[in-house]
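The values are calculated or read from the model by the stated rules, or taken from the named source; none is laboratory data. None of the values given here were measured: they were computed from a predicted structure. A quick note on method: Cβ atoms are made from the backbone with ideal geometry, for glycine too, and the neighbour counts reach across all protein chains shown.
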Amino acid sequence: MLKKLALSTLVLASSVFAASEVNVYSVRHYDTDKKLFKMFEEKTGIKVNVVKAKGGALIKRLKSEGKNSPADVLITVDAGGLYKAKNADLLQSVESDYLTKNIAANLRDKDNKWFALTKRSRVALYKIGSGTEKMLSTYEDLADPKFKGKIVVRSSNNVYNQSLLAAMIEHHGVEYATKWAKGVVANMARTPKGNDRAQVKAVANGIGAVAIANTYYVGKMVNNKDVSQRDAIAKMKVFFPTFENGGTHINVSGAGVTKFSPNKANAIKFIEFLASSDAQELFAEANYEYPVLAGVKSSELVTSWGTFKEDTVSINALGENNAKAVKIFDIAGWK
Ligand SMILES: [Fe+2]
């Protein structure tokens, strides 16, 4: 009898425990997220356990863990990662009136296996007073020889660049995109190294003239503890290139519920929370991302860089063309 009771208590305890947590595998590496997860814990009483790693590593981990994975939610910093996870059958469809009503159709998977949570654009930065802005126009134009020795951009193994090239493929096809990538390589001021912020710093310090970076890094540099980042960005200005027949390149950070999520209800609640106005405001204000929820404004700082027309290429296409983009970078010799 005692044994039976102990066992049932144990089962009860474990099910109560399971019902009060959500396990998150996240590629996002921003302090804002810690605050958001805490807000969610305080609001719901559901504990958020986070595993942080690069996208490839988390996808590999989900694959190898299979049915035994403790993960409930996968969060990536780009559309390519969401696409890869879906394609590898690592995500499941979720039914959420809130998410389908509030996240535009072009910002979520057609089977509702992932949802964009924030948008970011990939822009050009130039040194104030350099006159470079007079040269800047489209992404296509960055391959023009007039930029020889002027382009500073990170390596091609970075997914942000892969998605930019994936968009180029969608607009103009593989042949054109290959020519474009070769043109940009020929214009590089140096062999790619460092992250987006390192490119901005390089141009600020006299290497090349045009740095390619995601918008939120500009905000992070403006409000950085590190004076060298603040000094560098103070010398720089944002330019929003467009595709010839489109707008400024947009990528997304987003989330999906994993296929074998042990806490599915919590996982959905968690993603709904990240798409709520409270969370969207924090993404916008503290991490300088563009919110996906209508009615939530970008931060004042982000707005001060100017407005732009978003590109028309679908977020799904960024994932669909990812493998082609990787191949093209290789052919073009983009390190
Ligand atoms: Fe990033």
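Being assigned by TED's automatic domain parsing to the domain that holds Gly194, touching a residue at least 40 places away in the same chain (Cβ under 8 Å) and farther than 23 Å from Glu281 by Cβ holds for only one residue in Lys127, Lys134, and it is Lys127. I'd like to know if the stretch 189-201 contains one or more residues that are in a helix (DSSP H, G or I), farther than 21 Å from Arg28 by Cβ and of a type in the set (Gly, Ala, Ser). Scanning the stretch 189-201 turns up no residue that is in a helix (DSSP H, G or I), farther than 21 Å from Arg28 by Cβ and of a type in the set (Gly, Ala, Ser). Comparison of Gly56, Gly66 shows that the only residue that is within 16 Å of the ligand (Cβ to nearest atom) and loosely packed, with under 15 Cβ neighbours inside 10 Å is Gly56.
Under the condition of being within 16 Å of the ligand (Cβ to nearest atom) and under 18 Å from Thr312 (Cβ atoms), the residues counted in the stretch 140-176 number 2.
Selection of the stretch 219-239 for residues being of a type in the set (A, V, I, L, M) and under 14 Å from Ala202 (Cα atoms) yields Met221, Ala232, Ile233, Ala234, Met236. Go through the residues of the stretch 108-116 one by one and say whether even a single one is within 16 Å of the ligand (Cβ to nearest atom), buried (at least 17 other Cβ atoms within 10 Å of the Cβ) and modelled with pLDDT of 95 or more. Yes; the residues of the stretch 108-116 include at least one that is within 16 Å of the ligand (Cβ to nearest atom), buried (at least 17 other Cβ atoms within 10 Å of the Cβ) and modelled with pLDDT of 95 or more.
Within the stretch 69-83, the only residue that satisfies the criterion of being assigned to a helix (DSSP H, G or I) and either free of Cβ contacts under 8 Å to residues at least 24 places away in the same chain or more than 16 Å from the ligand (Cβ to nearest atom) (or both) is Tyr83.
Just one of the listed residues (Val200, Val222, Val218, Val227) is within 20 Å of Tyr160 (Cβ to Cβ), of a type in the set (Val, Ile, Thr) and more than 14 Å from the ligand (Cβ to nearest atom), namely Val222.
Within the stretch 83-103, the set of residues being touching a Phe, Trp or Tyr at 6+ places or on another chain (Cβ under 6 Å) and among the small types (Gly, Ala, Ser) is empty. Part of a helix (DSSP H, G or I), surrounded by 19 or more Cβ atoms within 10 Å (Cβ to Cβ), aromatic (Phe, Trp, Tyr) and within 23 Å of the chain's Cα centre (by Cα) - does that describe any residue in the stretch 146-168? Yes, that holds for at least one residue. For the residues Phe273, Phe260, Phe239, the requirement of being in contact (Cβ under 8 Å) with a residue 40 or more places away in the chain, surrounded by fewer than 23 Cβ atoms within 10 Å (Cβ to Cβ) and not assigned by TED's automatic domain parsing to the domain that holds Leu91 singles out Phe239.
If you go through the stretch 182-197 and keep only what is within 15 Å of the ligand (Cβ to nearest atom) and either more than 23 Å from Met135 (Cα to Cα) or at pLDDT below 95 (or both), you end up with Gly194, Asn195. Among the residues of the stretch 234-253, those identified as assigned to a strand (DSSP E or B) and under 15 Å from Asn214 (Cβ atoms) are Met236, Val238, Phe239, Thr248, Ile250, Asn251, Val252, Ser253.
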